[in-house]
Structures are given as structure tokens and as C-alpha cells.
1. Would you kindly state how much longer the chain becomes between PHE126 and TRP320 on full extension, computed as 0.36 nm times their sequence separation minus their alpha carbon distance, in nm to one decimal?
2. Test of understanding: extend the Cα→C-beta vector of LEU51 to 7 Å, then name every residue of region 71-111 with backbone N under 16 Å from that spot.
3. Take HIS301, HIS232, HIS195 and order them by how many other Cβ atoms sit within 10 Å, fewest up front.
4. If I model a spin label at ALA234 and LEU101 as a point 7 Å from the Cα along the Cα→Cβ vector, what separation in nanometres do I get?
5. For TYR60 paired with VAL224, estimate the spin-label separation in nm (one decimal), with each label point 7 Å from Cα along the Cα-to-Cβ line.
6. Sorted from fewest to most neighbouring beta carbons within 10 Å, what does the list SER46, SER183 look like?
7. Taking 0.36 nm per residue of sequence separation and subtracting the Cα-Cα distance, how much length would be gained by fully extending the chain between TYR199 and LEU29, in nm to one decimal?
Amino acid sequence: MNEKQDQLGDFLVRVTENFLTIRKRHKLLVREKARRRGCLLDFVLSIPSTLLIVFFLNLYLIQAYVIPSSSMEDTLLVHDRILVDKLSYGPELWLGTNIYLPAIKEVKRGQIITFPNPEYEQQGVFFETARRVLFLLSFTLIDIAKENGQPPIDLLIKRAVGFDGDRVIFRDGDIFIKAEGESDFLPEPHFKFIHNLNYQQKRRYSTQDRELVARLEEYRTFRVMGLSIPPHLADLQEMTQARLQWERRMDQANGYSRARARLMISANKQKYLDDYYFHSRGIYVPQGYALPLGDNRDNSHDGRYFGVIKQQVVQGTAVWRFWPVGRIGSVE
């Protein structure tokens, strides 16, 4: 009898323990699920504040920038990701206002700078603010300013080559600089050596290519104006249309030769005269301005097209490349 009572007691103890264990486990599971829901909710609620912090960091302190073109090769390659110091150079007070905070540092010759594209038409403070906020909230997927599926080029990155009081001229894409107070134009390599500048510029085309392109431009001018092709250009009539299109990629690099050819053909046309004097006399850089140029001189839309910019509108300088991993390091 006692043995049966003991067995019954053991059975009841085991049942009770199992019940309590299951109940405790259930409570723990419920508590864990609640904790996880709380963590998830906290994470979701933290996203807007995190994005807001990132937005203001990008606006005023430091900005991540993706290189969109080959205009700065070989210093910066397409899809390189860099950090731009904005705080030091007086960021814009707010998007689209064209009002800038005081700069802590001055822009220096030879620095890689970012600045608003002079050819981009801003669409007002509210539009630019909404655009940037949506762009950030969508993790760069939504850009309401796209045209024909392409995002606008509202920010440029170039090198500050011409500076206060400089006069800069171009010969077949090569640059000659006369600084304020100096009497002679110096080739860019010589000028860099004197001023202790370490950047490297790139030329995509050889001297022979540039001479050929100059002849092609002269040939094309005769064709456009409906004039007879002179004997010294007769061989170019055999050039294929595809080759002509390839040579048109050489634009500013042979601007002087092109302007000179047009001037000889039609000296009474003011447009050609203006083009000629622009390339023969060069660009003057007033005090407080800079002439931005791409390191890849034969493939860069820069100050040779839109002129000088105020140093005040410089939004930042490139300081660090963080992608790709094999190219991590400072930017000069």
C-alpha cells in the first residue's frame, strides 16, 4: 500500500513539475517575443531619427560622394566613393538658398573641390529640400529631379587649377598659367613644380591625334559652310563617319586650332572671333575666384566651358576615398 502511495506521489510530482515547467517556458517565450517586438519597434522608430542625423551630417559636416564620370582620372575613377569635408569651407545655409555659412578654411590652389554645377537650374528651396529628403529616405532610389530617367548633374567635382589673379591659356589641351605679378606664361608642369603642387593631369590623345583632330575640325568647317575642300584636306574626305564621330570627342583639347581655322575661313563672324580670342588670350581668374578643371583634360566638362566660379560657392574638398577597398586612402 505504501509503495503504491509513493508511486502515486512521484507521479503527481512529475506531472506538477512538467506543468510548471511548461507554464514557465510559455511565459518565457511570451516575454521573449514581446522583447523582440519591442526591439523591432525600437529599430523601426529609430530609422527616421537616424536618417535625419545622416541628412544634417551630409548637409553641414561631411558628405559621401560617388564619382559619376571619368573627368578626374586617374586621380579618381568612375564609381570611387569619397568623403568630402564640407564644414571647413562654409556649407550652404539651406538647400537652394545660395546663402553660405562662414568658412573655417580658405580654398587652396590644387585642391579637389566640389561645387554647384553653374549650368544646373535649381527649382527652389522647397523642391530641393523635398528632393534631398526623399533621396535619402529611399536609400538613393528616388530622385524626383530626374529627366529622361537620368539624375541631374547638380554637383561637380574638379581641381582648383586657376586662382586669384591668374591668366590661363590653352594650346591643344595643354595649359599655360601666368600668376598675378608674373610676366610669363608657364607650362603647367613647370608651374606645378614652382608652386609645389603634386597632382597629375591626364591626356587621352597623343600629339599626332590632336594634330589630326585639328585638321578634321578645319575640314568639318569647310563642309558645314558649303565651301570647296582645299587640296591639303582632300585626304580627309576618305574618313568614315564613324571615325569623324570618334574624333568629335576631342573638343576643348583642340579649341585653339578649331577657332583659328574658323577665323581664317570666316573672319567677319563675331562668334568665331570671340572663340578665337577666348583660346588665344585665355581666361582671367579674378580675386576670390577659381578656375576648376578636370584632371582628365581630354574628357572633362569644366571651367573651359562655363568659366570661373566664386570660391565662396565651393561646398567642400575631397579628403578620403573609402571604396573600393584596394584604393582606400587620402585624396590629393
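1. Details: separation 194, 0.36 × 194 = 69.84 nm, distance 3.12 nm.
Separation in residues times 0.36 nm, less the Cα-Cα distance, equals 66.7 nm.
2. In region 71-111, the label zone of LEU51 (backbone N under 16 Å from the point 7 Å along Cα→Cβ) covers no residue.
3. On the way: HIS301 17, HIS232 10, HIS195 13.
Ordered by Cβ neighbours within 10 Å, fewest first: HIS232, HIS195, HIS301.
4. Taking the two extended label points, one gets 6.9 nm.
5. 4.9
6. On the way: SER46 10, SER183 5.
Exposure proxy ranking, most exposed first: SER183, SER46.
7. Numbers: separation 170, 0.36 × 170 = 61.20 nm, distance 6.25 nm.
Stretched out fully, the TYR199 to LEU29 stretch lengthens by 54.9 nm.
Laboratory data are not the source of any read-out in this text; all were calculated from the coordinates shown. What you see is a predicted model; the values in this text were computed from it and never measured. Neighbour counts run over all protein chains shown; Cβ positions are idealised from the backbone, glycine included.
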